[in-house]
Structures are given as structure tokens and as C-alpha cells.
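**Student:** Handing you this structure, nothing more for now.
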Amino acid sequence: MGGIDVSWAWSWSTIMCRKVFRNEPSQISQSYEQYKYLMFLKTPVKNSYLLTMLLITLVIIFAATWCGIYLSKSITCPIQKLAEGNPSGRSGQLGL
């Protein structure tokens, strides 16, 4: 038949595939070992992130509580001093 001879392409692709996949079994084994190592570290890393988030949450809750108490004291202390200094205000006479 008067076609193009592609037998060289078949030979070339076979040689290239053999070169590329020559180290495949060792590479697969190495990748699997690396995967097992990473899965071994998954739980400690997850726990450390969880602990960090828990500590940050507790610090935020503590700070919010402290700010709330500080703000409430800064509002109520002057009002309490005003009430202690004005005895007529306690009896209900608020007029001037």
C-alpha cells in the first residue's frame, strides 16, 4: 500500500514510555510511604489546630466579658455616686 510508514513512531513511543515508566514501581511505593506518613500526622495536626482555635475562642470570650463588666461599671458608678449625693432623688423628688 502506498501509505506513510509509521513503524518508527511506534518504536519511538514504546522507547519513551519505557523510559518514563521505568521508575514507576519505586515511585508508587515512595508515594504510598509518604501518604502513610502524612496520614499518621493528620491527627496531631488536626488536634493542634483545634486546640489553637479553642484557646483563641476562650481569649475572645474572656475579653468580651471583661469589656462588658468594665463598660457596665463605668456607666453605673457615676450614676450610683449621683444617687448617693442627692438624697432627695431617692425619695422620688426629681424636680429642680
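**Student:** Between Ala83 and Ile60, what FRET efficiency follows from the Cβ-Cβ distance if R0 is 22 Å, with the result rounded to 0.05? Let's see the in-between values first.
**Tutor:** Details: r = 34 Å, r/R0 = 1.57.
Computed FRET efficiency for Ala83 and Ile60: 0.05.
**Student:** What FRET efficiency, computed as 1/(1 + (r/R0)^6) with R0 = 30 Å and r the Cβ-Cβ distance, is obtained for Cys67 and Lys46, rounded to the nearest 0.05? Intermediate values should be presented prior to the final figure.
**Tutor:** Working: r = 32 Å, r/R0 = 1.06.
The pair Cys67/Lys46 has a calculated efficiency of 0.40.
None of the figures in this text is laboratory data; all of them are computed from the coordinates on show. Being a predicted model, the structure only gives us computed values, none of them experimental. Don't worry about glycine lacking a Cβ; one is built from the backbone with ideal geometry, like all the others, and counts go over all protein chains shown.
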